[in-house]
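Data block below; observations after.
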């Protein structure tokens with residue numbers, strides 16, 4: 001009986017048996033905690049300098065909008081370039097960016113304008129780093145059957161950093177200040193750079209074809225997606241959830257103060273519950289041995305996320321809101337990671353960078369616009385009602401996504417995977 005209960009979790013780290021991925025996982029686990037130190041410290045520094053909530057939103061938007069605008073072109077270039085080298089360059093640039101923040105802060109000369117410029121630079125770096133990172137996972141995993149596990153472990157790594165990083169950030173800001181946090185982040189990039197340089201990456205076979213113009217290849221990638229009902233369905237659902245659902249984190253302070261009558265401590269509890277749910281969802285996906293049934297899981301998780309949002313919007317009690325936040329966090333993470341896995345499974349290798357850039361636009365690119373729209377709507381109908389309508393939209397999107405499931409099944413081309421069961 002015990003073996004039957006534990007058996008799904010035995011292979012949870014099976015993708016770590018691949019040396020390159022193991023190196024990548026270890027380096028990223030260190031660096032991502034440093035990244036969260038910088039995120040929290042930057043928000044604290046901006047508010048300390050300006051005492052403006054608007055400026056907080058502007059800095060966040062400045063860090064995200066370059067990624068949204070540049071990701072499609074970056075995806076074309078990532079398909080042309082050596083992804084391993086791209087990652088080395090982006091990590092070095094990110095380390096320099098964090099070091100710049102540390103230098104200006106520790107010298108006492110930091111201004112909000114400098115923070116805005118450096119945030120834009122980080123967004124530019126991320127536009128190339130994120131599609132290259134997503135595409136490079138395939139090169140690190142020698143056995144394609146372990147690809148879903150690797151993607152799920154990536155999600156769990158990011159979520160764990162989101163839980164640990166902010167906790168350390170609060171202590172470090174009080175002890176070594178924002179500049180100390182930026183310095184630690186800059187140093188943490190050395191772990192990623194070192195592990196990337198330690199990898200033994202086999203050269204990728206390249207087709208002997210002349211590169212077309214960037215925008216022609218971009219159009220080619222978009223046409224490739226539009227010809228696939230499976231990809232269109234996955235990306236549209238992801239974009240809808242990111243636009244209508246993910247901004248719930250931005251509205252949490254209003255929910256806490258207006259409906260739960262709580263303070264920052266209550267906000268911390270709710271955020272932690274969402275993060276814990278996301279971690280549980282990532283570990284659930286990591287425990288799965290194949291992509292079988294992943295299409296239905298994508299639909300069910302989007303629907304579950306929507307239901308969770310509706311119930312959070314209706315919450316008037318902390319003890320009711322906490323489990324609903326856990327459910328919402330789990331649904332959001334499973335839907336995002338399973339969408340990533342499906343796209344990575346069915347995409348042609350020579351278009352992987354472009355498709356991952358579209359994934360980035362749908363997931364990370366729509367969130368800032370959703371936050372702006374959610375804030376606009378909340379000012380008029382209230383934060384609770386905004387979450388409820390967002391949840392309804394996610395549920396409707398999940399039901400429409402049912403139409404894409406047969407096409408997703410037919411698109412799976414990995415040996416030993418049964419398309420009919422997806």
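Just so it is clear, none of the values below were taken in a lab; they were calculated from the coordinates. Please read all numbers here as calculations on a predicted model, not as lab measurements. Don't worry about glycine lacking a Cβ; one is built from the backbone with ideal geometry, like all the others, and counts go over all protein chains shown.
Here is how the numbers come out for the structure above:
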| item | result |
| --- | --- |
| Distance between modelled label sites at residue 107 and residue 385, nm, 7 Å Cα→Cβ extension | 5.1 nm |
| At R0 = 51 Å, FRET efficiency that the Cβ-Cβ distance of residue 175 and residue 227 yields, to 0.05 | 0.40 |
| Histogram of C-alpha separations across the chain, 10 Å bin width, % | 5, 21, 33, 28, 12, 2, 0 |
| Sequence of 333, 299 once ranked by neighbouring C-beta atoms within 10 Å, starting from the fewest | 299, 333 |
| Förster radius 25 Å - calculated FRET efficiency between residue 348 and residue 143, Cβ distance, rounded to 0.05 | 0.80 |
| For the stretch 212-413, the fraction of alpha-carbon pairs in successive 5 Å shells from zero, as % | 1, 8, 16, 19, 19, 14, 10, 7, 4, 2, 0, 0 |
| Over the chain: helical MRE at 222 nm, DSSP H runs n ≥ 4 each giving -39500 (n - 2.57), nearest 500 | -27500 deg cm²/dmol |
| Least to most buried among 44, 36, 319, 81 (fewest other Cβ within 10 Å first) | 319, 81, 44, 36 |
| Exposure proxy order (Cβ contacts within 10 Å, fewest to most) of 133, 354, 48, 80 | 48, 80, 133, 354 |
| Relative contact order for the chain, counting Cα pairs under 8 Å that sit 6 or more residues apart, in percent | 25 percent |
